[in-house]
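The values are calculated or read from the model by the stated rules, or taken from the named source; none is laboratory data. Because the structure is a prediction, the values reported are computed rather than measured. Backbone-built Cβ (ideal geometry, glycine too); neighbour counts: all protein chains shown.
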Amino acid sequence: MIKLGEEKGVVLITALLIMIVLALVGMAAIMHSSIEINFSRNERLGKTALFGADGGVQTVPTIIQYYALNKPQSFAAVTPSLQAIMTNTNNNFLNIVMGFATHSASDTPATNPDVTMNIQGSQANILISRVFAQQFQGGAAEANAGYEGAESGGGGGSGMAIYYRADSLGQTNQKTNSTVEIVYRLIY
């Protein structure tokens, strides 16, 4: 049995054990918070890439309509408002929009984009392919009214619907990627 005067190191050992336990709890809390910070950072980067890709496909109808209706021969002939959002354009893009050329099977938005845009800290690489064209006779209210930007409008003639597929790859500076795909119909 320990006598009253022989208890000299018990308090010190108990205090050291309590400090070790508190240090371990503190380290676990720091590791947990750094993991949470990384999760939130990755989520923010993923959303930035998604918003960039989505912004890219939102501009596709404007770009296709402009190229299909105005047929600019080079990027320099494009309006300043479109040049401001498009930082790079494939030289063969007009031929692709008009259906005179196609992409190779290995083309992707990352390897050979038709249009490159910078959108709020994200780069959007867009690959646009003409899928098919369909001739139709009047009767449909949207075709006769020139719905979706067609300049025709008016009574019961015929028209042309051209379908395009656009893949937009949003990419952040930290190489976080997100892809959005749309199908767009242009009616003449």
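Quick check: anything in the stretch 74-95 closer than 16 Å to ALA124 by Cα and at pLDDT 90 or above? No. Please specify each residue of the stretch 91-108 satisfying the condition of being closer than 19 Å to GLU181 by Cα and not β-branched (Val, Ile, Thr). Of everything in the stretch 91-108, those that are closer than 19 Å to GLU181 by Cα and not β-branched (Val, Ile, Thr) turn out to be PHE93, HIS103, SER104, ALA105, SER106, ASP107. Taking first residues from the stretch 153-178 that are at pLDDT 90 or above and partners that are in a loop (DSSP other than H, G, I, E, B), the Cβ contacts under 6 Å between residues at least 6 apart in sequence or on separate chains come to ASP167/PRO109; LEU169/PRO109; LEU169/ALA110. In the set ILE37, ILE18, ILE63, ILE30, only one residue is within 18 Å of the chain's Cα centre (by Cα), outside any loop (DSSP other than H, G, I, E, B) and either closer than 30 Å to GLN174 by Cβ or of a type in the set (Val, Ile, Thr) (or both); that residue is ILE63.
How many residues does the stretch 99-133 hold that are touching a Lys or Arg at 6+ places or on another chain (Cβ under 6 Å) and at negative phi? Give the steps one after another, and end with the answer.
To start, the set of residues in the stretch 99-133 that are touching a Lys or Arg at 6+ places or on another chain (Cβ under 6 Å) comprises 99, 129, 131.
From the residues that got through so far, the ones that are at negative phi too are 129, 131.
Count: 2.
For the condition over 14 Å from ALA166 (Cα atoms), more than 20 Å from the chain's Cα centre (by Cα) and either modelled with pLDDT of 85 or more or assigned to a loop (DSSP other than H, G, I, E, B) (or both), SER104 qualifies. Restricting the stretch 76-101 to residues that are of a type outside the set (S, T, N, Q), farther than 16 Å from GLY170 by Cα and part of a loop (DSSP other than H, G, I, E, B), the residue that is farthest from the chain's Cα centre (by Cα) is PHE100. Reported count of residues in the stretch 46-84, each being touching a Gly at 6+ places or on another chain (Cβ under 9 Å) and surrounded by fewer than 17 Cβ atoms within 10 Å (Cβ to Cβ), is 2.
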